């Protein structure tokens, strides 16, 4: 028990040191977190995660919003945020909402419409999460970019992507988060999350995060052999096509 406590304390000190380096912006550091360090960092970021889970989504260009305006339903409707960050609303004209949360937009519109609408109340709902994405590559059916709605974990990302392929190394998945000064890498064991309920590596994703699912060592060997045989297979395929066309 004492050894476990010492390891946790060491992990906390390591995590705090890494966080301090990021804050100080010392070069382009690369940090790879262990399972325990990931759990410590996740606990330290509870408030940030809860804000996103509770809908504190930051609006961006191309996002779609639905405005529900009680007091004058004629003003209600859907809008897509233009590339310049504005939407156009009757009575008010162009309103800049990029960088705001839906609740902030509701407050801004409510105050602006009070001069025109009696007992106005505004609700803003995000109907299209288009401005932010996360990415999945490797042995998964969800290769490519996916809409980021502010509440995506590793597990939910794989749920949306319909899991991984039979060639995936479940215990060697990586979450990569790149910023201007750092590149953070989390080790994720999807098998532990799914089979044993170990959520210590169920990372809460941020926009532009990359999930990479490597192949197993056996699958990697198979890919290597396939690449080595590729030139010969191309030649044999061409010869087969030639024989088919020319006949005996």
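Taken together, the values in this text are just the output of simple stated rules run on the coordinates, not laboratory data. These figures come from a predicted structure and were not determined experimentally. Because the Cβ atoms are built from the backbone with ideal geometry, glycine has one as well, and the counts that use them run over all protein chains shown.
Fewest first, what order do 166, 140 take by the number of other Cβ atoms within 10 Å?
Listing 166, 140 from fewest to most nearby Cβ atoms yields 166, 140.
Considering all alpha-carbon pairs of the range 64-128, what whole percent are spaced by more than 18 angstrom?
That tail contains 24 percent of the Cα-Cα pairs.
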